[in-house]
Amino acid sequence: MKSHRKELWFEVPTRRAFINITPKVTDALTESGIKEGLCLVNAMHITASVFINDDESGLHHDYEEWLEGLAPHEPTSKYRHNRTGEDNADAHIKRQVMGREVVVAVTEGRLDFGPWEQIFYGEFDGRRRKRVLVKIIGE
Ligand code: ZN
């Protein structure tokens, strides 16, 4: 069995953003040379997510509004976590809802997606360097 590990780095200039990372994951798969196996992609930070859905700007706007309704950033004083001096309790909650990781099957050297599936990095507390791990195993 072969394995391949790669870190993807991000520094999002805004507090929140959704980024399509499918091309970067596809590059990692190509580098791996693996034709049949599994590809794990996970956020390495507890205020960011990796998830799969459609690359459609209206949907991303809907996510933003829905998440802000569930866990509004302000007022920051309403969250106990922020008593630590941080202001990112909402980002921890948004990350929990949107998920930590995805696993995609690798078939004939390609990410074996369903129709319209794309991989996204969800940033909820940006403006600093953060990582995503890509781990691919197979042969
Ligand atoms: Zn925090």
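With runs of 4+ DSSP H residues as the only contributors, calculate the mean residue ellipticity of the chain at 222 nm using -39,500 (n - 2.57) per run, divided by the residue total and rounded to the nearest 500.
Values: 3 runs with 35 residues, N = 139.
About -8000 deg cm²/dmol.
Taking every Cα atom in the chain, find the radius of gyration and the maximum pairwise distance Dmax, and write them in Å.
Using the Cα atoms of the chain, the pair Rg, Dmax is 16.1, 51 Å.
Using only Cα atoms and rounding to the nearest 10 degrees, what angle (0 to 90) does helix 22-32 make with the longest principal axis of the chain?
So the inclination is approximately 40 degrees.
Subtracting the Cα-Cα distance from 0.36 nm times the residue separation, let me have the gained length for T84 to W66 in nm, one decimal.
Values: separation 18, 0.36 × 18 = 6.48 nm, distance 2.61 nm.
Difference between extended and current length: 3.9 nm.
Please report the accessible area of S77 (heavy atoms, 1.4 Å probe, ligands and nucleic acids excluded) in Å², nearest 10.
Its heavy atoms expose roughly 100 Å² to the probe.
Run the count for the chain, please: Lys pairs, Cα-Cα under 27 angstrom, 8 or more apart or on different chains.
Lysine pairs satisfying the spacing and distance rule in the chain number 18.
Would you list D55, D87 from the most to the least accessible area, probe 1.4 Å? Walk me through the numbers before you get to the answer.
Values: D55 85, D87 60 Å².
Descending order: D55, D87.
Remind me, relative contact order of the chain in percent, using alpha carbon pairs under 8 angstrom and six or more residues apart?
Details: 285 pairs, mean separation 75.5, N = 139.
Computed over the chain, the figure is 54 percent.
Between D54 and T30, 0.36 nm times their residue separation minus their Cα-Cα distance comes to what?
On the way: separation 24, 0.36 × 24 = 8.64 nm, distance 2.26 nm.
Full extension from D54 to T30 adds 6.4 nm.
For the range 47-60, in order, what is each residue's ³J(HN,Hα) by Karplus, 6.51 cos²θ - 1.76 cosθ + 1.60 with θ = phi - 60°, in whole Hz (x at glycine and Pro)?
Each residue of the range 47-60 in turn: 10, 9, 10, 10, 8, 10, 6, 7, 8, 9, 5, x, 5, 5 Hz.
Could you check the spin-label model distance between L40 and T107? Points 7 Å from the Cα along Cα→Cβ, value in nm.
2.3
Relative to the longest principal axis of the chain, what angle (0 to 90°, nearest 10) does the C-alpha long axis of helix 89-98 take?
40
The values are calculated or read from the model by the stated rules, or taken from the named source; none is laboratory data. It should be emphasised that the depicted structure is a prediction, and the values quoted were computed from it without experimental measurement. Cβ atoms come from the backbone with ideal geometry, glycine included; neighbour counts cover every protein chain shown. Ligands, DNA and RNA are excluded from the accessible area calculation, which covers all protein heavy atoms including side chains. Shrake-Rupley method; radii C 1.70, N 1.55, O 1.52, S 1.80 Å.
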